[in-house]
Amino acid sequence: MSLSHLAGLHSVKRLLPALSRAEAGVHAVLLYGVAGSGKSAVADALAQVWLCTAPTSEGACGECRSCQAFGRGASADFERIEPQPPSRIIRLGAIVERKESSELPGLPIQTFFRTPPLMARHRVVVIEDCDRLNVDAANALLKTLEEPHPHAKLVLTTSAVGAVLATIRSRCLAVACELPAGEELLSAFGELAEEEALIAQGAPGALAQIRAHPDAAREMVSLVRDLDAATPGAALAMAERFRAVADALADRLKLPARLANALALEQLGTCAHGLYPQRTDWANAIAEAHRRILGNGNPGLVFDALFAELGAS
């Protein structure tokens, strides 16, 4: 899997071939960067390099049995751990064998790593959004990082590196997934519309997502502009417009409702900051609404209260 087609990510592109060599001595990598920077694509590329039985100077060969199995999504030596709904938390059962482990996809990490590779060079686990590990899971993962099996490799990703335990960060090779510079972004995507520049903030993945479904992004910008002049009495109507944008994101991106609501709030906050950076009160209110949504708050109540607060400020 090549990263050459992705904009930005220059440090990762230079580092990936070096990590494929046995003498690199790295068993865990933490990829960090903003949402849409390409962390998941990098994680998959690194996983394939570590699985590949005949890596080249450019990365994975793409032809060995292990690469072929990975490409089909059928590698017995690879596992992906992600936050689980509804709270988007990675719990202890994903790391060590527990009663609830049987309800989760795949094996607990410690169980998975006990078995040597079946056809690959290593066994590889990717942990997406590792900042969503709860305290017990993070502490259990720390033990795995401190005492790794010789064949074990871990790739962690996060958009909130400050929320990752310092002890976990210190036991990984931390690599930034940089955004492309302005000229590189323009070369890859051409001129950006207002909503693209405001919401994507230079992240290629976010920009591609907006271009696939531009109506929701345009409505978000319109909503924020109207909000600045809205009266307190318009709060419920504004909340209803926002719910429609969140529903559109859920439908077009095939996201669960809670993830779509959280994404819509993230876009609202980014857009509001871009248009009205002086409105720190808006930023705080939107961040609190985001926290409540991820904490299983009722969307209708959260959105109504948010827009009542925004309209009154």
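Tabulated data
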| item | result |
| --- | --- |
| log₁₀ of I(q)/I(0) at q = 0.11, 0.13, 0.21, 0.26 Å⁻¹ - segment 15-108, Debye sum with one point per alpha carbon | -0.40, -0.56, -1.14, -1.28 |
| Estimated inter-spin distance, Arg72 and Arg218, nm [label 7 Å along Cα→Cβ] | 4.4 nm |
| Estimated distance in nm for a label pair at Arg14 and Glu178, the labels positioned 7 Å out from Cα along Cα-to-Cβ | 0.7 nm |
| Straight-distance crosslink candidates among aspartates and glutamates, where the alpha carbon sits under 15 Å from Lys143 and sequence neighbours closer than 8 are dropped | Glu97 |
| Principal axes of the chain: Cα extent on each, largest first, Å | 64, 49, 32 |
| Cβ-based net charge around Cys64, under 15 Å, with every Lys or Arg adding one and every Asp or Glu removing one | 0 |
| Rounded to 10°, Cα long-axis angle of helix 135-146 versus longest principal axis of the chain | 30 degrees |
| The chain - mean residue ellipticity at 222 nm from DSSP helices (-39,500 (n - 2.57) per run, n ≥ 4, rounded to 500) | -15500 deg cm²/dmol |
| Pair-distance profile P(r), taking every C-alpha pair of segment 62-148, with 5 angstrom steps and integer % | 3, 14, 23, 24, 16, 12, 6, 1, 0 |
| Computed E for Arg114/Arg211 - FRET, C-beta separation, R0 45 angstrom, nearest 0.05 | 0.50 |
| Acute angle (nearest 10 degrees) that the helix 235-253 long axis makes with the longest principal axis of the chain, alpha-carbon atoms | 30 degrees |
| Under 18 Å from Lys254, Cα to Cα: aspartates and glutamates that are on another chain or at least 8 residues apart | Glu82, Asp215, Glu266 |
| Counted charge near Trp50, where neighbours are those whose Cβ lies closer than 12 Å (Asp, Glu -1; Lys, Arg +1) | +2 |
| Mean projected area (nm²) of the alpha-carbon convex hull when segment 228-273 is viewed from all directions | 3.4 nm² |
| Cubic angstrom per residue, convex hull over Cα atoms of segment 192-277 | 84 Å³ |
| Radius of gyration, Dmax [segment 134-255; alpha carbons; angstrom] | 20.4, 63 |
| Table column - 3J(HN,Hα) (Hz), segment 88-97, Karplus curve with 6.51, -1.76, 1.60, x for Gly and Pro | 6, 10, 9, 9, 4, x, 7, 9, 10, 5 |
| Share of carbon and sulfur in the accessible heavy-atom surface of the chain [1.4 Å probe, %] | 54 percent |
| Candidate aspartates and glutamates for bridging to Lys99, where Cα separation is under 17 Å - those fewer than 8 sequence places away on the same chain excluded | Asp136 |
| Value of Rg to Rh for segment 194-235 (Rh from inverse mean 1/r over Cα pairs, i.e. Kirkwood) | 1.11 |
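The values are calculated or read from the model by the stated rules, or taken from the named source; none is laboratory data. These numbers were taken from a predicted model, which means no experiment stands behind them. All Cβ positions, even for glycine, are placed from backbone atoms using ideal geometry, and neighbour counts span all protein chains on display. For accessibility, only protein heavy atoms count, side chains too; no ligands or nucleic acids. Shrake-Rupley method; radii C 1.70, N 1.55, O 1.52, S 1.80 Å.
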